[in-house]
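Here it is, the structure in full.
The values are calculated or read from the model by the stated rules, or taken from the named source; none is laboratory data. This one's a predicted model, so the numbers in the text were calculated from it and none came from an experiment. Cβ placement follows ideal geometry from the backbone for every residue including glycine, while neighbour counts extend to all protein chains displayed.
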Ligand SMILES: [Zn+2]
């Protein structure tokens, strides 16, 4: 898996929570993805690589 790094404009430097897939308390990787003509951030467990949630910046 390619590490993309955290987006500069999101306060996402430290996210640690329990993963529902592997049950471990792990960090999160972020990846920007296109969804419905907007860029959202998919969060991946650093332990098992499962996508845990997506962050929608929403209209600003
Ligand atoms: Zn996991």
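So, in the range 15-44, exactly how many residues are out of contact with any strand residue (DSSP E or B) (no Cβ under 8 Å at 6 or more places or on another chain) and either farther than 13 Å from residue 57 by Cα or part of a loop (DSSP other than H, G, I, E, B) (or both)?
Going through the range 15-44 one residue at a time, the tally reaches 3.
From 50, 12, which residue is surrounded by 13 or more Cβ atoms within 10 Å (Cβ to Cβ) and either modelled with pLDDT under 90 or in contact with a helix residue (DSSP H, G or I) (Cβ under 9 Å, 6 or more places away or on another chain) (or both)?
On the way: 50 fails: either modelled with pLDDT under 90 or in contact with a helix residue (DSSP H, G or I) (Cβ under 9 Å, 6 or more places away or on another chain) (or both).
The match here is 12.
If the Cβ limit is 9 Å and pairs must be 6+ apart or interchain, which residue in the range 21-32 that is over 19 Å from residue 55 (Cβ atoms) pairs with which residue that is more than 10 Å from the ligand (Cβ to nearest atom) and part of a loop (DSSP other than H, G, I, E, B)?
Matching pairs, first to second residue: none at all.
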